[in-house]
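Notes for the one structure printed next.
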Amino acid sequence: MGSGARNYTDKTLKRLFGLSGNQCAFPGCNAILVNQRNALDSNICHIEAAKEGGERFNLNMTDEQRADYENLILLCRQHHAETNDEVVYTVDVLKDMKRSHESNYMNQRINNNPSMLRNAINAIAAISFDGSVTSESLNVINPKEKLSYNCVKTNYSLIQEYKVYHEKINILYDELESQGSIKKEKLLNNIEQLYIRIKGKYVLDSNDPINIIRQNADNIIDDIFDELYLQLENSNFFDEDIVLGIRLIMVDAFIRCKILEEPK
């Protein structure tokens, strides 16, 4: 969709529109925007400008970074123009605006669709990856400690924001276990198998795997999301909330040490 700093990948657009609910992120604005398949450049706004001379331009960013999810925010035309005021709308202000909007939307969707997490659990558990289902070896880690150990950067705020859903997901897992279901084990096994496979593409035969993982931690997390989304996109489980459910399940799996490395 364009070139250079406007060359948005499908992954970026799905993540941006899915987590925002196709809504303007400006506080108090209820404007509904078009979806990612009909996205308008005027609605996809760069936090740090797409080109030199633009608002909050960062000379040290690459065009790929400028076109990535972390640097984009959805705004209606009116608020796109308003946020051109660099004095009021700094980089930090816009990033906080985006995080707050996505968090509010997540809470809204969970309240409106209580089965969202259960649907996501069923969908991910139904994926068939190589490898047998093993019993869970649960070692819940403090997210902040694990984020630091693995040098997570762009996904740091997302994991910190969504960790509050860990207990809600744990209640659903307990319900499944009380019914004799092994969906929890299948889901966590699928995510762990996926992490091991994706990690291997980065580490290869390196003698220093942890440093390779640290250098690519955010890419590994994003690759796992992409693969799960791809697996579910054309399945009978897919609905508009699946992108939100995947995110929450992944954050929970991160806390359970199924994604990235456990601090030593």
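Data for the structure
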quantity	calculated
Pair list, Cβ < 7 Å and 6+ apart or interchain, from the range 172-194 residues that are more than 18 Å from ILE127 (Cβ to Cβ) to residues that are modelled with pLDDT under 95	GLU177/LYS184
Failed condition for ILE198, given (1) closer than 21 Å to THR9 by Cα; (2) out of contact with any Asp or Glu (no Cβ under 8 Å at 6 or more places or on another chain)	(2)
Sole exception among (1) out of contact with any helix residue (DSSP H, G or I) (no Cβ under 9 Å at 6 or more places or on another chain); (2) in a loop (DSSP other than H, G, I, E, B); (3) in contact (Cβ under 8 Å) with a residue 60 or more places away in the chain for TYR8, by number	(1)
Residue within the range 29-48 that is closer than 26 Å to ASP222 by Cβ, modelled with pLDDT of 95 or more and aliphatic (A, V, I, L, M) present	yes
Residue identified as free of Cβ contacts under 8 Å to residues at least 12 places away in the same chain and out of contact with any Lys or Arg (no Cβ under 7 Å at 6 or more places or on another chain) among ASN219, ASN207	ASN207
Check on ASN236, in contact (Cβ under 8 Å) with a residue 12 or more places away in the chain and either of a type in the set (A, V, I, L, M) or over 14 Å from LEU194 (Cα atoms) (or both)	no
Only listed residue being at pLDDT below 95 and outside the structural domain of THR154 (by TED's automatic domain parsing), chosen from TYR89, TYR69	TYR69
Considering residues of the range 150-164 that are assigned to a helix (DSSP H, G or I) and crowded, with 19+ Cβ neighbours inside 10 Å only, the residue modelled with the highest pLDDT	ASN150
Verdict on ILE220 being buried (at least 20 other Cβ atoms within 10 Å of the Cβ), out of contact with any Leu (no Cβ under 9 Å at 6 or more places or on another chain) and part of a helix (DSSP H, G or I)	no
Members of the range 101-140 that are at pLDDT below 80, among the aliphatic types (A, V, I, L, M) and closer than 17 Å to VAL251 by Cα	LEU138, VAL140
Qualifying residues in the range 226-246 (those that are more than 10 Å from the chain's Cα centre (by Cα) and charged (D, E, K, R)) - the one modelled with the highest pLDDT	GLU227
Among the candidates ASP252, ASP226, ASP241, residue that is more than 20 Å from GLU145 (Cβ to Cβ), crowded, with 19+ Cβ neighbours inside 10 Å and among the charged types (D, E, K, R)	ASP241
Candidate set: the range 172-195, residues that are more than 22 Å from the chain's Cα centre (by Cα) and aliphatic (A, V, I, L, M); chosen: the one surrounded by the most Cβ atoms within 10 Å (Cβ to Cβ)	LEU176
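Each row is one residue, and each column tells you yes or no for (1) of a type in the set (Lys, Arg); (2) modelled with pLDDT under 90; (3) assigned to a loop (DSSP other than H, G, I, E, B); (4) more than 28 Å from ASP96 (Cα to Cα).
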| position | (1), (2), (3), (4) |
| --- | --- |
| LYS201 | yes, no, no, yes |
| ASP205 | no, no, yes, yes |
| ILE213 | no, no, no, no |
| ILE224 | no, no, no, no |
| LEU248 | no, no, no, no |
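The values are calculated or read from the model by the stated rules, or taken from the named source; none is laboratory data. The model shown is predicted, which means the values in this text are computed figures rather than measured ones. Methodologically, a virtual Cβ is constructed for each residue, glycine included, from the backbone with ideal geometry; neighbour enumeration extends over all protein chains shown.
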